[in-house]
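Notes to accompany the following structure.
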Amino acid sequence: MDGRYEPVESPDDTTVFPYHDLEPPTTADVARARKVVSRYLPETPLVRSEHLSVATEADVYLKREDTLPTGAFKVRGGVNLLATLDAEFRDRGVLAASSGNHGLSVAWAGREFGVPVTIGVPEDANAGKVRAMEQLGADVVRHGPDYDAARERVESLAVESGKRYVHSGNEPKLLAGVGTAGLEVVEELPEVDRLYCPVGGGTAAVGYCLTVGALTDADIVGVQSAAAPAMHRAYHEDTLAPHDRMETSAEGVATRVPFALTMELLRDGLGDFELVSEDAIGDAVARLFTEERIVMEGACGTAVAAALEADDIAGETVVVPVSGRNIDRAKLDAILAEHADAT
């Protein structure tokens, strides 16, 4: 097989191929990506949350990425990457591993650009997300108990098939595309003091570091579930070692293995990196639905929870991305019932 389709030495415990450029993207790359992304996707609203502003005594704004076609921010990255896909892969197709929203991103972009898409998901993946991928024309392969097991299967399929493996994090064009949300924030709210961002693989947080962090005086704060702290440990202990704990119910941050490219950028760009409990995540999801009728995934709940727990943001201008709305109906019902019982 052509050497381009054989793995090369990877800086982390994931598989990379010769076509994976691990040169970190820049703010200029994000600006270039915006010219591509804006042709296919609308800007998303930045709206003040009255409930969170009162609760935190700050001016809290929600970046409503849930209004994008797939219901999540990741489609920005999928569009930027597939729009410039090498010709050899347009017929051959692409592969990705996902707990949901990354797969939706690649599937949506694949349909837009006429590229065949295969997505590997965990066996118990969010049924709604899987159905949406299939409706977009993707072939879905179910494998293993979690994202990392599905990822390993997809990496094997990439070797066998010669299809282009779209890595969840080690993709500069994907990161630059995701970062276009941050340029919109800077233009609309340049006086922002702090931005809380969920971290799973770290793509969204990298995007905000390259934009809001680089172009304003704001601190970018990464947030992860304490029940899945792989990236948090990587940031604080300067390691890329996999973590043996991955027990979060929030599939968007359910990762065991840190990604080299995103971690490199987060070490330089984050002002802090925090953990929140599963209970706090559930409370955040319930609050946003109950108080503002916003349907939000558990991954998004990490950032809301961190803002609510902060004791030093009174008087600040704070941004929290609502990065996905694709929560499983049964999971949302259970969270709302538990919140109702607690109140």
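The values are calculated or read from the model by the stated rules, or taken from the named source; none is laboratory data. In this text, all values refer to a predicted model and were calculated from it rather than measured experimentally. A quick note on method: Cβ atoms are made from the backbone with ideal geometry, for glycine too, and the neighbour counts reach across all protein chains shown.
Values computed for the structure shown
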item	result
Exclusive hit being within 14 Å of residue 302 (Cβ to Cβ), of a type in the set (A, V, I, L, M), surrounded by fewer than 22 Cβ atoms within 10 Å (Cβ to Cβ) and out of contact with any His (no Cβ under 8 Å at 6 or more places or on another chain), set 254, 250, 227	227
Looking only at the range 1-51, and only at residues there that are among the small types (Gly, Ala, Ser) and either surrounded by 13 or more Cβ atoms within 10 Å (Cβ to Cβ) or touching a helix residue (DSSP H, G or I) at 6+ places or on another chain (Cβ under 7 Å) (or both), the one that is nearest to residue 287 (Cα to Cα)	49
Condition check for residue 8: more than 23 Å from residue 214 (Cα to Cα) and not assigned by TED's automatic domain parsing to the domain that holds residue 259	yes
Some residue of the range 328-340 being in a loop (DSSP other than H, G, I, E, B) and in the same structural domain as residue 67 (by TED's automatic domain parsing)	yes
Boolean, residue 150 is part of a loop (DSSP other than H, G, I, E, B) and small (Gly, Ala, Ser)	no
Flag if residue 191 is modelled with pLDDT under 95 and either within 15 Å of residue 270 (Cβ to Cβ) or surrounded by fewer than 24 Cβ atoms within 10 Å (Cβ to Cβ) (or both)	no
Test result for residue 295, in contact with a Cys (Cβ under 8 Å, 6 or more places away or on another chain), among the aliphatic types (A, V, I, L, M) and closer than 26 Å to residue 231 by Cα	no
Those residues of the range 273-295 which are among the aromatic types (Phe, Trp, Tyr) and part of a helix (DSSP H, G or I), in sequence order	289
Test for residue 112: is it surrounded by fewer than 21 Cβ atoms within 10 Å (Cβ to Cβ), closer than 23 Å to residue 130 by Cβ and either of a type in the set (Phe, Trp, Tyr) or more than 17 Å from the chain's Cα centre (by Cα) (or both)	yes
Hey, residue 83 surrounded by fewer than 24 Cβ atoms within 10 Å (Cβ to Cβ) and out of contact with any helix residue (DSSP H, G or I) (no Cβ under 7 Å at 6 or more places or on another chain) or not	no
